[in-house]
């Protein structure tokens with residue numbers, strides 16, 4: 001019961017951080033907290049299922065200052081990118097047996113750092129899936145672009 005209570009508390013805090021109402025102005029925020037709250041929300045999708053083993057998330061957080069931003073909107077960006085990485089890893093397993101998928105050890109790497117110019121923070125999110133075609137890559141920021149079938153996904157895209 002104590003463990004379940006702690007888990008509920010963590011999820012509640014995470015949801016509060018994730019869905020923080022945007023203000024009219026940008027607010028200095030800890031981006032690592034936003035990423036971590038997003039990962040906690042997506043934790044169920046990272047677990048092993050009947051088609052693939054668990055997806056390992058590796059975080060390499062650099063020392064970054066608080067960033068003035070609309071954190072609610074930025075958290076939605078983190079959610080979309082990470083969900084798409086999970087989708088891509090799931091898709092790559094569709095043609096593999098479970099044993100083959102297990103041998104491929106799926107990972108998502110999240111790396112943060114201050115750029116060499118010291119005036120911006122860089123966040124890199126990378127998975128070890130099969131990658132995107134050049135056609136898809138050239139359109140990922142187009143409004144309403146999707147690679148999913150009609151009725152699948154949110155339709156928000158990366159735009």
Of all residues making up region 89-121, the number that are part of a loop (DSSP other than H, G, I, E, B) and within 30 Å of residue 31 (Cα to Cα):
8
Does residue 54 meet the test of being under 30 Å from residue 24 (Cβ atoms) and in contact with a helix residue (DSSP H, G or I) (Cβ under 7 Å, 6 or more places away or on another chain)?
no
For residues that are in a helix (DSSP H, G or I) and surrounded by fewer than 17 Cβ atoms within 10 Å (Cβ to Cβ), scanning just region 12-31, find the one that is modelled with the highest pLDDT.
12
Hey, residue 64 in contact with a helix residue (DSSP H, G or I) (Cβ under 7 Å, 6 or more places away or on another chain) and at pLDDT below 90 or not:
no
Go through (1) over 14 Å from the mean Cα position of the chain (by Cα); (2) free of Cβ contacts under 8 Å to residues at least 40 places away in the same chain; (3) not in a loop (DSSP other than H, G, I, E, B) one by one and return the number of the condition residue 49 breaks.
(3)
Matching option when the condition is part of a helix (DSSP H, G or I) and loosely packed, with under 14 Cβ neighbours inside 10 Å, among 84, 60, 9
9
Of all residues making up region 132-159, the number that are under 19 Å from the mean Cα position of the chain (by Cα), exposed (fewer than 11 other Cβ atoms within 10 Å of the Cβ) and either farther than 29 Å from residue 67 by Cα or at pLDDT 90 or above (or both):
1
Of the conditions (1) farther than 16 Å from residue 35 by Cβ; (2) crowded, with 17+ Cβ neighbours inside 10 Å; (3) touching a strand residue (DSSP E or B) at 6+ places or on another chain (Cβ under 7 Å), the single one that residue 90 does not satisfy is (3)
Check region 33-43 and report whether any residue there is surrounded by fewer than 17 Cβ atoms within 10 Å (Cβ to Cβ), at pLDDT 85 or above and outside any helix (DSSP H, G or I).
no
Residue identified as within 28 Å of residue 51 (Cα to Cα), free of Cβ contacts under 8 Å to residues at least 40 places away in the same chain, in a helix (DSSP H, G or I) and out of contact with any helix residue (DSSP H, G or I) (no Cβ under 9 Å at 6 or more places or on another chain) among 124, 137:
137
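The values are calculated or read from the model by the stated rules, or taken from the named source; none is laboratory data. Owing to the predicted nature of the structure, the values given are computational and were not obtained by experimental measurement. Don't worry about glycine lacking a Cβ; one is built from the backbone with ideal geometry, like all the others, and counts go over all protein chains shown.
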